[in-house]
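Since the structure comes first, as structure tokens, the remarks are kept for the end.
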There are 2 protein chains.
Amino acid sequence: MQKKINIKTLAAELKLSVATISKALRDSHEISKETKERVLAKATLLKYTPNPYASSLRRKKSNTIAIILPEVSDHFFSLAIDGIQSVAEKKGYHVLIYLSHEKYTIEKALIDDCNSGRIDGVLISISRETDDPAHFKKLQEENIPIVFFDRAFENFKTAKVVTNDYECGSIAARHLIEKGCTHPVFLSISNCLPICIKRAEGFKATLQEAGLMHENRNSVIFCTDSNPQDTFNQIKDLITGSDKPDGVVTSVERLAMQVYMACHEYKIRIPEDLKVLAFSTLETAPILNPPLSTITQPAFELGKTAAEILFKGIEKKNYNLTDEFIVIPATLFERASTGY
Amino acid sequence: MQKKINIKTLAAELKLSVATISKALRDSHEISKETKERVLAKATLLKYTPNPYASSLRRKKSNTIAIILPEVSDHFFSLAIDGIQSVAEKKGYHVLIYLSHEKYTIEKALIDDCNSGRIDGVLISISRETDDPAHFKKLQEENIPIVFFDRAFENFKTAKVVTNDYECGSIAARHLIEKGCTHPVFLSISNCLPICIKRAEGFKATLQEAGLMHENRNSVIFCTDSNPQDTFNQIKDLITGSDKPDGVVTSVERLAMQVYMACHEYKIRIPEDLKVLAFSTLETAPILNPPLSTITQPAFELGKTAAEILFKGIEKKNYNLTDEFIVIPATLFERASTGY
DNA sequence: CTGAAAGCGCTAACAT
DNA sequence: ATGTTAGCGCTTTCAG
């Protein structure tokens, strides 16, 4: 390996001091135009690349942010990554990606690791198990800005970019009721995840108003198994059971696919026997059999906005992230699965 | 901000030298068991977190790898990320993610940036525009291991983890022919991307054998517009044109969706009027209207394997990545879109 | 406008 | 088994 060229080499070559080189490269006002040009020319000539870690060590700033996601295969999160990247890229920041796999313990370990100075800020959608903000607190105490997007932790003060979950739950219920459902249910993936709780609450409230809350029937079903097969069986039992619903709203994309699979397998007709509505950003929704009605979140936008706010928190010192609470509404797309 | 505690603080507290602390933390054999325990205890007590950049600077090793992807919204890439993460996580490595957006210039800039010492290795699926390996060469000259997965650059010597593309192209053609197609076409997204070229070649060769290559008809169509609407129009013109095919194979997921959309819009029946087969890892394939036949790549596996090889290259010095050329076969799933 | 020097936090020779 | 010391490459006072 040939010797890596660094500031010192540049200095020697140009007969200048390292300080001058450093300043010139950072375009400091205290360096003359000519020297700057000389330095830059030599730097490109020698293909000089600054060592980011030396710089980070000295400046206590890494130009790196972390994204922590429950998973990456839900299309929502892919789009969010895209949105985040689009702004990180513009700011010249690097993006580390971590997956919690919906596990609180993993999420906690990841967040704790963010305390090392490796990153300047964190964007996170919390796991469905997370019911304790202690790890977030620790981060904040180290002055590392943190922004929640979509899945925010309720009782923790920091910037949040979310959708109108309660309202969407209500919209979902109203839509199904309008389409003739008398016993719709909401399929939740967690009993502590705010997005699920709020959507479920909006859903229930609207059912209540419509007089469709029944004594001995649950209108919210928890699909919390981590094994997909178990969840599939649960869904199968639900839609073929004696007290089967005539409509379902799935809180996440994955559940919608499982409902479709189960319906196909057990010859349950959508929308005739069962109306299906999903919180989902699935691009294939319009070409499913039948086309799937969705409540679609602006995932890219959510990620982008969250990132923009995070950078405000990183760049302006003493900027108060607590003030930011952004709601970007989702949109209902009516398709055949709820009967047009 | 309270003073960040570091090795020096620990040393002072324990009345030991910084060297001893450092060695103890790295579990060196030259430190006694008791001191190690004392150090570890104090470290957890004071919530000491080592500064990764100081360590990286000194050791010239970042414990970080980069993934460079053309995009993140194709399900294939999400799954690949998942596979890569699963091994990075186990190895205690961090993963930086970058998107080339299918642009050669962006990819080049990203790769050049990897020369800074920020990362220990690169996993990449190349953009559809990439037809020059100069940037890869530069990386390799700096001794940064690079592993291609799925989309590899043909004439560049390094480890590659790919699928049996030529064969799959052939399988695709044979499948359509068996199902009665006499004029199937292959929809490519690039005229230089090896996966496209090989799949197209396998496709054409099999058509040739079957005597289905026609003089003045193209069996390979290039959909290289970056604007989705343009691509959509191109597809629409193709399948409604005078010389319309009776079967299509799409080289990527996105094109399959557009074909479906176009068919729905123009009342072209799948599979009666047009048989559709897609290279795709779409989870919704079985529930599309009609269920989509796919050639499905083991995306997670591909990512995982590529990462494992990369770590061999990173960990064992002088390990020759050139030797690794792994082919993981894809699988044909016959569904209704090609007529069962 | 330029330079000398200290030091970010950690590691690895090289002592002891 | 523990300690001393010299950097890794860069930035930032502070002096000139």
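Computed from Cα atoms alone, the Kirkwood hydrodynamic radius reported for segment B:7-58 is 11.1 Å.
Rounded to a whole number of µm²/s, how large is the Stokes-Einstein D of chain B at 10 °C and 1.306 mPa s, given Rh as the Kirkwood radius over C-alpha pairs? D = 70 µm²/s. The calculated 222 nm mean residue ellipticity attributable to helices in the protein assembly as shown amounts to -13500 deg cm²/dmol, summing -39500 (n - 2.57) over DSSP H runs of n ≥ 4 and dividing by all residues. On full extension, the segment bounded by residue A:8 and residue A:182 gains 55.0 nm, given 0.36 nm per residue less the C-alpha separation.
Where in chain A lies the longest segment free of GluC sites (Glu not before Pro) that are both loop residues by DSSP (not H, G, I, E, B) and have at most 12 other Cβ atoms within 10 Å? In short, A:31-214. Across all directions, the shadow cast by the convex hull of segment B:19-161 built on its C-alpha atoms averages 10.5 square nanometres. Each residue in A:78, B:28, A:337, A:55 was given a count of other beta-carbon atoms within 10 angstrom of its own, and listing them fewest first yields B:28, A:55, A:78, A:337. Hull volume per residue, based on the alpha-carbon atoms of segment A:165-296 and their convex hull, is 99 Å³. About its Cα centre, the dipole of segment A:7-58 is roughly 100 debye, where the only charges are +1 on Lys and Arg Cβ and -1 on Asp and Glu Cβ. Kindly identify segment B:37-111 as rounded, prolate or oblate by the Cα gyration tensor criterion: order the square roots of the eigenvalues as a ≥ b ≥ c, call it rounded if a/c is under 1.5, otherwise compare a/b with b/c, prolate if a/b is larger, else oblate. Here segment B:37-111 falls in the prolate category. Loop-located trypsin sites (Lys or Arg not before Pro) in segment B:89-176 (DSSP state other than H, G, I, E, B) with a sparse environment of at most 15 neighbouring Cβ atoms within 10 Å: B:157.
Sparse packing (at most 15 other Cβ atoms within 10 Å of the Cβ) combined with a DSSP loop state is found for the following trypsin sites (Lys or Arg not before Pro) in segment A:213-276: A:217, A:267, A:269. Both radii come from the Cα set of segment B:99-246: Rg as radius of gyration, Rh as Kirkwood radius; their ratio Rg/Rh reads 1.07.
Of all alpha-carbon pairs in the protein assembly as shown, indicate the percentage at a distance above 49 angstrom. Taking all Cα-Cα pairs of the protein assembly as shown, the fraction more than 49 Å apart is 20 percent. Normalised by the number of residues in segment A:165-296, the mean separation of alpha-carbon contacts (under 8 Å, six or more apart) gives a relative contact order of 25 percent.
Applying 1/(1 + (r/R0)^6) with R0 = 22 Å to the Cβ-Cβ distance of residue B:226 and residue B:155, what FRET efficiency is obtained, to the nearest 0.05? Efficiency, rounded to the nearest 0.05: 0.30.
Values quoted throughout were computed directly from the atomic coordinates according to the rules given, and no laboratory measurement underlies them. Being a predicted model, the structure only gives us computed values, none of them experimental. Using ideal geometry, Cβ is built from the backbone for each residue, glycine included, and neighbour counts are taken over all protein chains shown.
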